[in-house]
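What follows is a single structure, written as structure tokens, with notes after it.
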Amino acid sequence: MASRAVTGGRLHRAEEVWGWLLASPYLLFALAFFVVPFVWALLLVFTEWDLISPQRQMVGLANFVEALMSPRVRAAFWTPFKFMAVFLPAVLVAAMAIALLVHSLGRWAGVVAVGFFMPYLASGVAMALVVQGILSYNSPLSDAFFWLMGDVPDWFGVPALAVVVIALMMAWKFSGYYALIFLAGLQSIPKELYEAAEIDGAGSWTSFWRITVPMLYPALYSVMVLAVGLMFGVFTEPYMLTGGGPDLATHTWHLEIYYQAFSSLRAGYASAIAILNALSVFVVLTVVRRAMEWWGRANGWT
Amino acid sequence: MAVLLAGIGVGSSAPSAAAVEATFWSAPNPTQEVFWREMAQAFMRERPDIRIDVRAMVESPSSEATILTAIAGGTAPAGSENIFIGFGAQLYESGALVPLDTLPGWDQIIRARGMEEAIEGWRFPDGHFYILPIYSNAMLFGWRIDVLRELGYAEPPRTYSEVFAVGQRLRQARPRSFLMARAELLDPTWWQRWFDFFMLYYAASQGAPFVVGQDVTADREAAVGVFRFYQELNRRNLILTRTSTDPFPTGLSIWADIGPWTFPDWKERFPEMRLGETFALSPPPVPDGYPAGEPIRTFADAKGLVLYAQAPKEQRDAVWEFIRWVFTRPESDLRWLEATSLPPVRGDLATSPVFSGYLRQHPELVPYAEALPYAVPPFASHRVTDVQTALGEAGLVPAVRGTKTPEQAWEDARAAMETVLRR
């Protein structure tokens with residue numbers, strides 16, 4: 001018995017080494033691109049510095065005070081919630097619809113799934129240019145609006161419309177990606193559950209809400225966390241289409257960080273905003289996770 | 001052995017063992033990169049003791065960010081181009097640049113390019129010059145002269161009132177056309193102000209300095225007048241502030257700010273755009289009562305080159321030798337013009353026989369060459385981005401929207417800009 005235990009201990013240590021070894025690429029990546037920059041940012045927030053000047057002026061908490069008072073930062077705080085109000089329902093419905101469609105196809109499911117996944121791979125800049133072309137005042141779509149209504153919507157001039165356009169654009173980009181997560185969830189639901197429900201007289205609508213949706217809890221959980229987190233990191237679409245306007249309606253955290261760091265060259269102030277951004281993501285994601293876990297428990301997931 | 005190798009030519013094109021190697025970054029624009037590579041090749045044939053490695057700077061997320069990152073990481077090149085005076089001021093504040101006028105041959109370059117007057121706009125607060133301007137796009141406005149003729153005008157309007165009159169007649173004749181299509185009038189992105197506010201401001205104020213040190217020194221009457229002009233255009237529904245595709249060449253609008261970089265694109269996509277037939281170029285419109293015959297100033301989108309203090313001295317000296325070689329030869333500026341279509345900063349661009357052949361073949365560049373002496377580069381402040389963002393957010397954008405009177409917009413913008421400058 002004693003020799004077995006020793007062997008077992010050696011095996012355990014060997015497994016540990018292998019485990020660390022296999023995880024090391026990710027750990028090194030995270031160390032280089034997340035931990036070190038985060039610590040560096042934590043040091044920078046107390047300075048007024050342009051990244052290159054030999055002098056770094058220590059300013060204490062002044063950067064945080066300025067950020068909290070800034071109308072631009074306050075606008076950036078609210079923008080993710082405005083995007084979320086449009087993006088979440090749109091992307092959840094679209095992704096679920098795609099997943100159900102692909103799941104029902106059988107033989108050609110893979111090809112169709114890749115087709116829906118393509119927008120996720122496309123460059124955000126290219127997509128923004130396409131959307132800009134489609135919605136421009138002298139596009140065929142605008143001509144149609146003009147013919148039907150006598151005017152063309154001011155897509156990027158009205159704050160609410162600009163938010164809707166950008167949120168829907170992102171829903172287009174991400175619905176294929178989230179659909180793959182839903183698809184994996186759908187494939188793991190035992191068919192027996194649907195058969196039993198059918199015997200009990202449940203229709204397809206009831207089966208969807210009483211079986212499919214609750215059984216997709218792990219997938220929904222992942223998608224919700226990814227989608228909500230995404231709203232706090234939006235950059236390319238408003239950068240290309242609205243510049244954060246009109247009236248800061250689409251001004252995001254990352255636009256403000258980019259502007260302060262790379263246009264105004266205020267590394268300390270930009271870092272302070274980045275820390276506030278991280279805090280807001282952390283708080284909101286904690287709330288979302290708790291809510292999802294509560295919903296999961298209510299549906300029998302522990 | 002050496003004799004044998006020399007005899008068969010081995011090593012004849014290789015750098016000498018003692019050659020100094022230095023890196024020079026060109027703008028992330030293929031035509032500029034081609035120019036600098038050609039120049040470096042020609043220079044190195046004459047100076048085998050110097051190796052100039054030309055690389056295009058990366059533009060991710062911006063060329064300015066790339067330069068900053070390189071300086072912060074200790075990997076700055078010996079020199080680079082693509083520096084506008086505002087970013088130069090930011091680098092100057094951080095002690096990152098070399099004062100070029102302390103280097104041998106500076107005066108020789110200034111004389112050779114006839115830049116004695118133009119260079120004054122590039123002087124820094126300590127009296128030195130840290131940027132050698134290479135090109136200057138004296139920004140002009142394009143007018144669809146074919147449409148103007150249809151409307152009964154022989155030439156572009158000169159004053160604000162004349163512009164309104166053209167607009168009114170245009171809307172009557174073509175209800176779906178606009179005088180100007182510029183969605184950027186409502187975009188507070190700082191550099192957009194160069195092409196709407198500053199073009200008109202420098203014209204109206206006859207080039208009055210906008211910012212000096214920490215003070216907004218702008219001509220109030222001219223600035224308020226520009227706000228009022230744009231507000232009135234919008235109120236009369238003469239400008240389209242929504243996104244549109246190629247509005248000027250397609251005739252959706254008949255008036256647009258045009259830089260010389262536009263013409264290669266038009267040549268490819270809109271060959272029907274020909275000077276005198278479909279479009280004309282003119283300086284910015286001026287307030288009513290502007291003295292007749294007085295030249296009209298405009299904004300100059302101008303950039304130059306710098307040497308970085310961080311690079312070893314021998315490398316900086318090597319690049320400076322290269323720069324001297326390039327810019328004391330007028331044919332270099334001709335080659336620059338041919339390669340990039342960007343007017344070099346030369347006092348004799350419109351008059352020298354060196355350039356006359358090229359300008360005859362490209363008459364659309366002649367108005368730019370003629371406007372060079374009246375073009376004002378961006379103001380030199382390390383807070384340029386914040387100042388111009390404040391100008392847009394608190395001033396021009398609300399003025400265009402009509403949510404503030406021109407006077408209120410100016411007072412708010414001025415206060416916001418001074419707050420930024422004194423931070």
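Here are a few things to note about the model shown:
- Choice from A:Phe145, A:Phe282, A:Phe38 with maximal GNM fluctuation in chain A (Cα, 10 Å cutoff): A:Phe145
- Cα gyration tensor shape for the stretch B:17-130, rounded if a/c is under 1.5, else prolate or oblate: oblate
- Relative to one another, the C-alpha centroids of the stretch B:117-146 and the stretch B:332-382 are positioned 11 Å apart.
- Gyration tensor (alpha-carbon) shape descriptor, the stretch B:308-423, a/c threshold 1.5: oblate
- Ranked by how many other beta carbons lie within 10 Å on average, peptides A:108-121, B:19-32 from highest: B:19-32, A:108-121
- Binned Cα-Cα distances of the stretch A:1-154, short to long, each 5 Å bin given as a whole percent: 2, 6, 6, 7, 9, 11, 12, 12, 10, 9, 8, 5, 3, 1, 1, 1, 0, 0
- Rg and Dmax of chain B, Cα atoms only, in Å: 23.3, 86
- Radius of gyration over Kirkwood radius for the stretch A:198-302, both on Cα atoms: the Rg/Rh ratio is 1.20.
- In terms of its C-alpha gyration tensor, the protein assembly as shown comes out oblate, because a/c is 1.5 or above while a/b does not outweigh b/c.
- Within the same chain, lysines fewer than 8 places from A:Lys173 are excluded, and of the rest, those with a Cα less than 21 Å from its Cα are A:Lys82.
- Fraction in percent of alpha-carbon pairs per bin - 20 Å, chain A: 24, 48, 25, 3, 0
- A straight Cα-to-Cα reach below 25 Å connects B:Lys313 with the lysines B:Lys303, residues fewer than 8 places away in its own chain not being considered.
- The HN-Hα couplings worked out from phi for the stretch A:97-114 by the Karplus form 6.51 cos²θ - 1.76 cosθ + 1.60 (θ = phi - 60°) are 4, 5, 4, 5, 4, 5, 5, 8, 7, x, 4, 9, 4, x, 4, 5, 4, 5 Hz, whole numbers, x standing for Gly and Pro.
- Sorted on the mean count of surrounding Cβ atoms within 10 Å across their residues, most packed first, peptides A:202-215, B:221-234 read B:221-234, A:202-215.
- Within 10 Å of each Cβ in A:256-268, the average number of Cβ atoms from other chains: 5
- Helical contribution to [θ] at 222 nm, DSSP H n ≥ 4, -39,500 (n - 2.57), averaged over the protein assembly as shown, rounded to 500: -17000 deg cm²/dmol
- Straight-line cross-link partners of B:Lys404 among the lysines, defined as a Cα under 21 Å from its Cα and at least 8 positions apart when in the same chain, are absent.
- Listing B:His362, A:His251, B:His382, B:His128 from fewest to most neighbouring C-beta atoms within 10 Å gives B:His128, B:His362, B:His382, A:His251.
- Under 5 Å from the amide H of B:Ile134 lie the amide H atoms of B:Lys303, B:Gly304, B:Leu305, each residue being 5 or more positions distant or on a separate chain, with H modelled from the backbone and absent for Pro and chain starts.
Readers should treat all values here as calculations from the given coordinates under stated rules, not as data from a laboratory. None of these values were measured; they are calculated from a predicted model. Cβ sites come from the backbone with ideal geometry, for glycine too, and all protein chains shown count toward neighbours.
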